[in-house]
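The values are calculated or read from the model by the stated rules, or taken from the named source; none is laboratory data. As the structure is a computational prediction, the values presented were derived from the model and not from experiment. For neighbour counting, all protein chains shown are included, and Cβ atoms are generated from backbone atoms with ideal geometry for every residue, glycine included.
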Amino acid sequence: MNPWRGLKEIPHNIWILAFATLINRSGTMVLPFLALYMAKDFGVSAGSAGLVLAFYGFGALFTVPIVGKLSDKLGALRVMKLSLILIRQRRTRVEFPAS
């Protein structure tokens, strides 16, 4: 019995969704190494680096349900576009401050 036999019957859209989820989760896998990078290359203490990761986790814990409800109301694509626009504006202000 071949366990891989049924994979050909999975629709193309499901494969795309699975691949996108894999890429997304792979990006999240980098977070634990961020603490090591901050400690080694920036001279940040291990406690401070852990605190940064804790803030990330707590931020996600509280914002994910809010964004989920917002996406139910406005639609997922609109929320993603809005978040990308807001992130870009924020980064532009940080990278090129008006001085």
Could you say whether any residue in segment 55-64 is touching a residue at least 24 places away in the same chain (Cβ under 8 Å) and within 14 Å of the chain's Cα centre (by Cα)?
yes
Can you pull out the residues in segment 61-90 that are surrounded by 12 or more Cβ atoms within 10 Å (Cβ to Cβ) and under 23 Å from residue 30 (Cβ atoms)?
67, 80, 83
Qualifying position, being touching a Leu at 6+ places or on another chain (Cβ under 7 Å) and of a type outside the set (Val, Ile, Thr), among 22, 17, 31, 51
31
Per the list (1) exposed (fewer than 10 other Cβ atoms within 10 Å of the Cβ); (2) over 29 Å from residue 84 (Cβ atoms), residue check on residue 42 breaks on (2)
Are there any pairs, at least 6 apart or on different chains, whose C-beta atoms fall under 6 Å, with the first in segment 78-99 and closer than 18 Å to residue 68 by Cβ and modelled with pLDDT of 85 or more and the second hydrophobic (A, V, I, L, M, F, W, C) and not in a loop (DSSP other than H, G, I, E, B), and if so, which?
79/70
